[in-house]
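Report on the structure given below.
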Amino acid sequence: MTTDLKNDFKSQSELNQVSFRIHRIDENTRSADWHIDKVDRPYDVFWYVVSGKKTIFINDVKYNVQTGDFVVFPSQTSFKIVESESAIAMHHLEIAVENKLGPFNLMTLYDFPIVTNLIDAAKETLLIDLWRRLIDEWTPDKRNPFSPTNGELNFGLDQTIELLRFNARTIDWFVEVFTLLRPRAAELFPTFDSRLQHLFTFIENNLATKLSLKRLAEEVFLSESHLSLLFRQNVKMAPMEYVRKSRLQKVRKLLLTTNLSLKEISEKIGFDDQSQLSRAFRRATGVSPTEYRQKGDFI
């Protein structure tokens, strides 16, 4: 293995790889008949139930959430929300956010529970205060801070300072979440082979190309059989299945965050054409890309 590649593996394990991006944040009161058909999202969604209750299914597992519950809807995991039998409404805080340590989703990495009741937690109030402060500051200029005007981007210093302050508060929010959930984490010290870390990043950066098992194995100087074994032991899936899931995750994100056509998305993500993308997407999600986009960013 070359020295440059060894250094690349080492750099990918550093904490400066942590990143967060909020897609939506709000506070809602949902009526008893509010429901959502089975769907998934390309980012994690979090709830804090201020009052009331609701029945949800995540990966077909039933959860009855109630006052004080902190709920995690994991990225790429199917969920549905059903109508309540009682007339009780649910008041909850909500945030949809990408959170990563290098190529890893932080909530998945530490295997946090889907539902945790925080009503007796000492820091619960601080978490809620931070949440509501983020909601108050979630203004249009935070959502699209540097939109082009006349083909030019203007990086105003005051605007940059406000964005940095907002991002710092987002990190404070996550610190409280991880602190509160730490006693319930199933995995406090997860480890991954550094060659896999490198490959996860390589795949993410090369989704538009025709990746193959041979190309992935060459990237980390392994035989195809050794790489397949490494994936089975650490990721519980084959390398090309991971590539497929990564492509569809990127499709989900582009459908909800851009106006790109299906043809443009298929070209960006490495599908042969729009039809191939649509077939793969429907098999993975149960709906067409158009239906997925039309349902919008409701959670």
Within the stretch 175-200, track down each residue that is β-branched (Val, Ile, Thr) and either under 17 Å from PRO103 (Cβ atoms) or in contact (Cβ under 8 Å) with a residue 60 or more places away in the chain (or both).
VAL177, THR191
Scanning the stretch 198-218 for residues that are surrounded by fewer than 17 Cβ atoms within 10 Å (Cβ to Cβ) and more than 23 Å from LYS253 (Cβ to Cβ) gives SER212, LEU213, LYS214, ARG215, GLU218
If you take the residues of the stretch 18-36 that are of a type in the set (A, V, I, L, M, F, W, C) and in contact with a strand residue (DSSP E or B) (Cβ under 6 Å, 6 or more places away or on another chain), which of them is nearest to TYR292 (Cα to Cα)?
ILE36
Output the residue which, of all residues in the stretch 213-228 that are part of a loop (DSSP other than H, G, I, E, B) and in contact (Cβ under 8 Å) with a residue 12 or more places away in the chain, is nearest to SER278 (Cα to Cα).
VAL220
Please indicate, with yes or no, whether at least one residue in the stretch 229-247 is in contact (Cβ under 8 Å) with a residue 60 or more places away in the chain, under 25 Å from ARG283 (Cα atoms) and either surrounded by fewer than 19 Cβ atoms within 10 Å (Cβ to Cβ) or not hydroxyl-bearing (Ser, Thr, Tyr) (or both).
yes
So SER288 clears everything in (1) surrounded by 14 or more Cβ atoms within 10 Å (Cβ to Cβ); (2) touching a residue at least 60 places away in the same chain (Cβ under 8 Å) except one condition, right? Which one?
(2)
Confirm whether PHE271 is surrounded by fewer than 16 Cβ atoms within 10 Å (Cβ to Cβ), of a type in the set (Phe, Trp, Tyr) and either out of contact with any helix residue (DSSP H, G or I) (no Cβ under 8 Å at 6 or more places or on another chain) or more than 20 Å from ASN105 (Cβ to Cβ) (or both).
no
Looking at this structure, is GLU124 in contact (Cβ under 8 Å) with a residue 40 or more places away in the chain and crowded, with 17+ Cβ neighbours inside 10 Å?
yes
How many residues are modelled with pLDDT of 85 or more, out of contact with any Ser or Thr (no Cβ under 9 Å at 6 or more places or on another chain), over 22 Å from PHE70 (Cβ atoms) and not aliphatic (A, V, I, L, M) if we restrict to the stretch 168-197?
3
In the stretch 142-168, what residues are surrounded by fewer than 14 Cβ atoms within 10 Å (Cβ to Cβ) and part of a helix (DSSP H, G or I)?
ARG143, LEU157, ASP158, THR160, ILE161, LEU164, ARG165, ALA168
I'm checking my understanding of the structure. Among residues of the stretch 249-298 that are of a type in the set (S, T, N, Q) and not in a helix (DSSP H, G or I), which one is nearest to GLU98 (Cα to Cα)?
THR258
Under 8 Å between Cβ atoms, at least 6 apart or on separate chains: pull out the pairs that start in the stretch 66-88 with a residue that is within 17 Å of GLY52 (Cα to Cα) and free of Cβ contacts under 8 Å to residues at least 60 places away in the same chain and end on any residue that is among the charged types (D, E, K, R) and assigned to a loop (DSSP other than H, G, I, E, B).
GLY68/ASP120; GLU83/ASP33; SER84/ASP33
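The values are calculated or read from the model by the stated rules, or taken from the named source; none is laboratory data. This structure is a prediction, so every number in the text was calculated from the model and none was measured. So basically every Cβ, Gly included, is an ideal-geometry build from the backbone, and we count neighbours across all protein chains shown.
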